Structures are given as C-alpha cells and as structure tokens.
Amino acid sequence: MRIGRGLSLSVKGEALIIVRRADTEEIIERRRLRNVITTNGLNVFAQALASPFGVSIAGGFRRYYWYLVLGTGSGTPSSSDTDLFTAVAISAKNGSITQSGNQVTYYVRYLPEEANGYTYTEAGIYDKVGFDANGNPLPYTNGVLINHLLISPSLSKDSTKLVDFYMTFTFS
C-alpha cells in the first residue's frame with residue numbers, strides 16, 4: 001500500500017496458538033505461524049483508516065462485528081482467498097481486539113466444550129460483519145475474510161483442551 005512519495009505501508013500476519021490442558025490450564029503446545037493477508041483484508045484495513053469503521057444501529061454507531069472461524073480444508077492460502085477451504089460453522093467465535101503500537105491483535109479462546117470433534121487445518125478472521133435490525137450480529141458468512149492461516153501440523157480439538165488464538169497484524 002503506497003502512502004505519499006516513496007513511502008509504503010505493509011501488513012504482516014502472525015498467529016500464536018496456545019493449547020492448554022482444560023483441567024489445569026498447563027500449556028501443552030505453543031505454535032507461531034505466519035498467515036496470508038487477503039486482498040480483501042487490505043481493503044478492510046484501508047477503509048478503517050479512511051472513514052468511521054462500523055454501522056449505525058438503533059441511533060448509535062458500532063464497530064463491525066468479527067469472527068474467528070476454523071476449518072478442515074486443504075490447500076495453499078492465497079491473498080485472493082475470499083473464504084476458508086472448508087469452514088466449520090460451529091467454530092465461528094468472537095473475542096477481543098487490542099492495539100499496541102503498530103500491532104492489532106484479535107484474540108479468541110475456545111473453551112473445553114466448544115468446537116470439539118474436528119481436526120483443524122486452517123483458520124481465518126471474517127471482519128466487517130454487519131448487524132440485523134435488532135443489533136444482533138449477522139453470521140460470519142456476511143463478513144470479509146481478512147487472513148487465511150494454514151494450521152500445520154493440524155490441531156485436534158476435544159473437551160480436554162482450551163485453545164487460545166492470537167492473530168496479530170503488524171503494520172510497518
């Protein structure tokens with residue numbers, strides 16, 4: 001992304017996945033993975049910089065909703081991706097967003113009873129999800145896939161595990 005004469009802005013994505021024992025919260029696995037920022041994701045970031053980023057609902061203004069979604073598909077993530085290869089709808093979950101310096105981190109924790117019974121091979125954030133007339137968030141399929149992460153080796157989720165996802169975007 002170019003900003004002014006000779007200046008450019010780049011966005012890099014990194015995921016930190018921490019798997020814990022559900023009963024003790026002891027860390028049993030920690031992974032750092034790079035992920036692909038989609039072209040649509042770059043457009044979402046540019047829009048957030050250029051104008052208010054959200055929707056007007058019931059006399060107020062709210063930031064767009066977002067979800068982290070896990071998938072079981074295979075392939076090579078690309079900047080032109082608009083969806084996960086095989087999304088698992090029950091994994092769609094919202095969490096928190098924090099900003100520190102030039103980094104923005106989306107965070108989601110999957111509890112022992114959530115998103116079980118799958119071996120996950122991919123993940124992505126669907127941002128820019130709107131709201132219905134009552135202010136309830138629409139399904140993730142109404143959003144824009146902003147990144148695409150290949151989880152390798154794959155991650156099996158069951159009731160013995162808590163899984164934390166930190167999706168960090170660094171602007172430089």
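Evaluation of S91 against the conditions (1) in contact with a Leu (Cβ under 9 Å, 6 or more places away or on another chain); (2) more than 14 Å from L155 (Cβ to Cβ); (3) crowded, with 18+ Cβ neighbours inside 10 Å shows that the sole unmet condition is (2). Within the stretch 115-172, the set of residues being part of a loop (DSSP other than H, G, I, E, B), crowded, with 18+ Cβ neighbours inside 10 Å and either on the phi > 0 side of the Ramachandran plot or in contact with a Lys or Arg (Cβ under 6 Å, 6 or more places away or on another chain) (or both) comprises A115, G143. From the list F61, F85, the lone residue that is of a type in the set (F, W, Y) and in contact with a Ser or Thr (Cβ under 7 Å, 6 or more places away or on another chain) is F85.
Hey, does the stretch 75-82 have a residue that's hydroxyl-bearing (S, T, Y), more than 21 Å from V11 (Cα to Cα) and surrounded by fewer than 13 Cβ atoms within 10 Å (Cβ to Cβ)? No, the stretch 75-82 has no match at all. Within the stretch 114-145, being modelled with pLDDT of 95 or more and polar (S, T, N, Q) holds for N116, T119, T121, T141, N142.
Only one of A22, A48 is of a type in the set (G, A, S), at negative phi and modelled with pLDDT under 85. Can you tell me which? Being of a type in the set (G, A, S), at negative phi and modelled with pLDDT under 85 holds for just one of A22, A48, which is A48.
The values are calculated or read from the model by the stated rules, or taken from the named source; none is laboratory data. Quick caveat, the model's predicted, so the values are computed rather than measured. With ideal geometry, Cβ positions are generated from the backbone for all residues, glycine too; neighbour counts draw on all protein chains shown.
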